[in-house]
1. If I ask for residues that are crowded, with 22+ Cβ neighbours inside 10 Å, hydrophobic (A, V, I, L, M, F, W, C) and more than 12 Å from Arg182 (Cα to Cα), which ones from segment 3-22 would you list?
2. For segment 112-128, does any single residue satisfy the condition of being over 29 Å from Leu37 (Cα atoms) and within 12 Å of the ligand (Cβ to nearest atom)?
3. Answer yes or no as to whether Gly110 is buried (at least 19 other Cβ atoms within 10 Å of the Cβ), over 16 Å from Phe157 (Cβ atoms) and in contact (Cβ under 8 Å) with a residue 40 or more places away in the chain.
4. Go through (1) more than 18 Å from the chain's Cα centre (by Cα); (2) closer than 27 Å to Glu65 by Cβ one by one and return the number of the condition Thr134 breaks.
5. Which residues, counting only those in segment 57-66, are surrounded by 13 or more Cβ atoms within 10 Å (Cβ to Cβ) and more than 11 Å from the ligand (Cβ to nearest atom)?
6. Do you know which residues across segment 1-25 are at pLDDT below 95, within 8 Å of the ligand (Cβ to nearest atom) and of a type in the set (A, V, I, L, M, F, W, C)?
7. Which of the numbered conditions does Gly33 fail, given that it passes all the others? Conditions: (1) assigned to a helix (DSSP H, G or I); (2) free of Cβ contacts under 8 Å to residues at least 40 places away in the same chain.
8. Please state which one of Arg81, Arg76, Arg40, Arg117 is among the basic types (Lys, Arg) and touching a helix residue (DSSP H, G or I) at 6+ places or on another chain (Cβ under 7 Å).
Amino acid sequence: MSESGRFITIEGIEGAGKSTCMQLAAELITSHGISLLQTREPGGTPLGEELRDLLLSHRHTGMSEDAELLLMFAARAEHLRRHIEPALAAGQWVLCDRFTDATYAYQGAGRGVSVDRIAVLEQWVQGGRRPDLTILMDLPVALGLERAGKRSDPDRFESENLAFFERVRQGYLDIAAHEPQRVRIVDASRDLAAVQQDIRRLIEDFMREAENG
Ligand code: T5A
């Protein structure tokens, strides 16, 4: 297929079904003989996974918004340098569970950090690197939290209130409204079969476009 890799991200609030649908997307991509790096944020490297642990655990409840933002980008810087950029340069595709849209949604819309401040770090850490395709799995906050809550004890983010997640969800929808070509919305409130049908169509269309140019 193509000589340069493609960068695909999956986004959405808690319990949207990102992890579940990552598997399907990965199977579709690799079934076409494409070499794939499947990864996640925050995390993806040994340092990033340690930072993830700090960010998600309750050990630092009440950490400042700036510290949270900088830790997200510290993990991202390591992830890009060590894994994402080398993979893309080698022609591999990268499928990442969350990326910088999550920062705009959670730290920006959720916590109230200014977009300008996030944009400075985005430019610093990523240069021009942006995802080629982002699948935004959208569903009502209450349903997402209900699904997520069935699995495990809430982490530091999952312990936020409904109003926080409403802002996060709206933050994601605003990004999609500004970048409809890159960010494709999937209605994740439906049953898994219907959701996966949409994921399949989006990934297959994207692979076809990549093949043609
Ligand atoms: N964060 C991250 C930031 O604040 N800023 C950033 O820049 C970044 C990168 C990471 C946290 O970090 C924050 C956001 C997050 O709070 P995470 O574990 O990556 O945490 O994200 P979570 O959203 O917490 O992951 P979840 O596992 O909770 O959500 P998923 O992956 O969306 O959901 P999934 O696939 O595990 O599904 C949840 C449950 O629902 C079922 C599944 O079987 C599972 O039990 N399910 C469905 N049930 C019915 N119908 C469907 N269609 C279903 N789809 C899934």
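The values are calculated or read from the model by the stated rules, or taken from the named source; none is laboratory data. Just so you know, these numbers come straight off a predicted model, no measurement behind them. Cβ coordinates were reconstructed from backbone atoms using ideal geometry, including for glycine residues, and neighbour counts include every protein chain displayed.
1. Within segment 3-22, Ile13, Ala16, Cys21 qualify.
2. yes
3. So Gly110 fails the test.
4. Tallying (1) more than 18 Å from the chain's Cα centre (by Cα); (2) closer than 27 Å to Glu65 by Cβ, Thr134 fails exactly one: (1).
5. Hits for segment 57-66 are His60, Met63.
6. Scanning segment 1-25 gives a single hit, Cys21.
7. Here Gly33 clears every test but (1).
8. Every option except Arg76 fails the conditions.
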